[in-house]
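Before any comments, here is the structure.
The values are calculated or read from the model by the stated rules, or taken from the named source; none is laboratory data. Predicted model only: the values in this text are computed from it and were never measured. Using ideal geometry, Cβ is built from the backbone for each residue, glycine included, and neighbour counts are taken over all protein chains shown. Ligands, DNA and RNA are stripped out before the accessible areas are found, and what is left, the full protein with its side chains, is counted by its heavy atoms. Shrake-Rupley method; radii C 1.70, N 1.55, O 1.52, S 1.80 Å.
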Amino acid sequence: MEQNHNTRQIIIYLLITFGLTYSVEIFLIRPMVGSADIAQAYFAQIMVAAVMFLPAVGALITRLVTKEKFSKDNLMLSLRLKKNLKYYGLAWFGFVLLIILGAVLYFLLFPKQFDADMGYVKALFEAQRNSAGITIDAEQIKLTIIVQIFMGIFLSPFLNFIPCFGEEWGWRGFLLPKMLKRFKVVPALLLSGVIWGLWHAPLTVLGHNYGVGYRGFPFLGIFAMCLFCIVMGIILSYVTIKTGSCIPAVIGHGTLNGFAAVSIYFTSLQNPYNVFLGPAPTGLIGGAGFIIVSAVFLYLLYKEEKQKNS
């Protein structure tokens, strides 16, 4: 009876979350993406950020519909800092280190795509300033980029906390415990990652993370996003399982969103980077550190489960 109830909760949650998300992205965001109207393009960005709250909305509605009691244990919101600082550190500065290591590895393999003067991102800044009718020199652009890098390292977990909480309270705070009751840990985490990746599908089609017009579009992008979400989902699930809280996952997600694009700042305008390889962690090489860590964590969780059941 309990397993049936748990399966029912998973199904209801996915139907609500995917239904709301796909509706907003297909019918509201898609018509505005790429619009020449600056106001519409800006509003589309706001809507993309707002979509991050829908997994939490889905979790809340599912709890109410299935009459699940709200308790300290099942809300997964306790900080539990005293014994878990290493997991918070992993989700924050560990993510920063892995992003940097992935970028370094990528540029070592593709040195021609590295530009210490940050030509690619400077061109973007200049285009944005010109469209707004603002004059800004190269030194000001460089200073702005440096400030953004430091903000990405030290402030992104806080600046991105609220929207990332919207995702993590849904995926790790609600869905993960249900999946672990229904499946063994390895299939639970792999399946959760695929679900998370497919949840991004409409935005991936619109060019989020991987752009448009590449060979295999849009299926290659959706596949790559699923792989990325499996990798990141395992790590975020690991810190959630170890702490009994989704808050470390929120911090990790916030750090990732705020710092992941920094490696692109150092790409060359003349020698474009390969988005499916790096230097951002959404690529195979840029995300190499995350891939290795996720494999280790998945093995450790598998081993712990096996010992518990033996």
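Tell me the per residue accessible area of the chain using a 1.4 Å probe; a whole number in Å² is fine.
51
Which of 216, 166, 119 moves most in a GNM of the chain, Cα contacts under 10 Å?
Top of the fluctuation ranking is 216.
Would you please classify the overall shape of the stretch 20-125 from the alpha carbon gyration tensor, given that a ≥ b ≥ c denote the square roots of the eigenvalues, rounded means a/c under 1.5, and beyond that prolate means a/b larger than b/c while oblate covers the rest? Provide the component values of the computation, followed by the final result.
Working: a/c = 3.33, a/b = 1.22, b/c = 2.73.
Oblate shape, in that a/c is at least 1.5 and b/c is the bigger or equal ratio.
Work out, step by step, the length gained on full extension between residue 30 and residue 57: first 0.36 nm times the residue separation, then minus their alpha carbon distance; give nm to one decimal. Please list the in-between numbers first.
Details: separation 27, 0.36 × 27 = 9.72 nm, distance 2.13 nm.
Once the chain is fully extended between residue 30 and residue 57, it gains 7.6 nm.
With a 10 Å cut-off between alpha carbons and a GNM built on the chain, which of 288, 39, 224 moves the most?
Maximum among the listed residues: 39.
Ignoring ligands, DNA and RNA, what percent of the 1.4 Å accessible area of the chain is carbon and sulfur?
Details: 10940 of 15860 Å².
Reported share for carbon and sulfur atoms: 69 percent.
Do the alpha carbons of any pairs in 67/303; 72/242; 86/306; 86/142; 69/303; 67/181 sit beyond 28 Å of each other, and which pairs?
Numbers: 67/303 34 Å; 72/242 16 Å; 86/306 24 Å; 86/142 34 Å; 69/303 32 Å; 67/181 18 Å.
67/303; 86/142; 69/303, as the Cα separations exceed 28 Å there.
For the chain, set up a GNM with springs between Cα atoms under 10 Å and report which of 189, 298, 85 has the largest fluctuation.
85
For the stretch 155-236, what is Rg from Cα atoms divided by 2.2 N^0.38 Å, rounded to two decimals?
1.19
Could you list which residues have their amide H under 5 Å from that of residue 267, counting only those 5 or more apart in sequence or on another chain, with H placed in the peptide plane?
For residue 267, whose amide H was placed from the backbone, the distant partners under 5 Å are 115, 120, 121.
Could you order 265, 13 by accessible surface area, starting with the largest, using a probe radius of 1.4 Å? Working shown, then result.
Working: 265 40, 13 0 Å².
Largest to smallest exposure gives the sequence 265, 13.
Can you tell me the FRET efficiency between residue 104 and residue 143 if r is taken as the Cβ-Cβ distance and R0 is 22 Å, rounded to the nearest 0.05?
The calculated FRET efficiency here is 0.40.
What distance in nm lies between label points placed 7 Å from Cα along the C-beta direction at residue 3 and residue 270?
Here the answer is 6.3 nm between the modelled labels.
Specify whether the C-alpha gyration tensor of the stretch 161-201 places it in the rounded, prolate or oblate class, a ≥ b ≥ c being the square roots of the eigenvalues: rounded for a/c under 1.5, otherwise prolate if a/b is larger than b/c and oblate if not.
oblate
Where in the chain are the helices, taken as whole DSSP H runs, whose Cα atoms extend 15 angstrom or more along the long axis and whose Kyte-Doolittle mean reaches at least -0.5?
2-24, 38-51, 54-65, 95-109, 138-154, 185-199, 219-243, 247-259, 288-309
Let me have the 222 nm mean residue ellipticity of the chain computed from DSSP H runs of 4+ only, each contributing -39500 (n - 2.57), with the sum over all residues rounded to the nearest 500.
-21000 deg cm²/dmol
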